[in-house]
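We did not get these values from a lab; they are worked out from the coordinates using the rules stated. Keep in mind it's a predicted model, so treat the numbers as computed, not measured. For neighbour counting, all protein chains shown are included, and Cβ atoms are generated from backbone atoms with ideal geometry for every residue, glycine included.
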Amino acid sequence: MHHHFPTSYSAPFHLFRASAECQECGISCQVIGLTSGTEEPFILQEIKALPEELLSAIIAVHANFELCSSRKLNSLQFLNACSCSAHFPEFPLFSLPGGAFFPTEEGQASQIEVIELPIHGEHEIECSYGIGTGGLILKHGKRINWDSLT
Ligand SMILES: [Zn+2]
């Protein structure tokens, strides 16, 4: 399911936005996930490097997405941060059924916000990806217009 090498990903890029409970402080925070493509998109994970244009667009919507050190990868990667400064591990968000970005039915998918980023073309991103849960979110998620956010 996971591959890891710098490669080209194509627009459209969407942000998924949902809430997740911080494992450190117990507060519910907004978290985001980045996807590339339509129908059944790549859900980008373990992001180590991405173009400034994409990062700026993400940060404009969600400031708490930051580069931090990962013990698991022994390197830097982007993760969602809580206001308590703890980081959200990706596995429970993306890979556990019922996680913020792993809806198991349409009802849960419809609670997830979907924001298309104003980014075109292909971009080199160093990351891994998962496939298989994004299609339900793209189809049933709550669409939010970029212009209403910025
Ligand atoms: Zn916290």
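What FRET efficiency would be calculated for the residue pair Ser69, Glu116, taking the C-beta separation as r and a Förster radius of 35 Å, to the nearest 0.05? About 0.70, to the nearest 0.05. For the chain, the equivalent ellipsoid built from the Cα gyration tensor has semi-axes of 20, 19, 16 Å, listed from largest to smallest. Note that segment 101-150 shows a convex hull volume over its alpha carbon atoms of 103 Å³ per residue.
Per the helix-only calculation at 222 nm, which mean residue ellipticity applies to the chain, given -39500 (n - 2.57) for every DSSP H run of n ≥ 4 and division by its residues, nearest 500 deg cm²/dmol? When only DSSP H runs of four or more count, the value is -3500 deg cm²/dmol.
Where both bridge residues fall in the chain, DSSP classifies roughly 90% of the beta bridges as antiparallel. For Leu55 and Ser85, FRET efficiency with R0 = 22 Å and r from the beta-carbon atoms, rounded to 0.05? The pair Ser85/Leu55 has a calculated efficiency of 0.65.
In a simple Cβ point-charge model (Lys, Arg +1; Asp, Glu -1; nothing else charged), the chain has a dipole of about 260 debye relative to its Cα centre.
Projecting label points 7 angstrom from Cα along Cα→Cβ for Asn145 and Glu124 puts them 3.6 nm apart.
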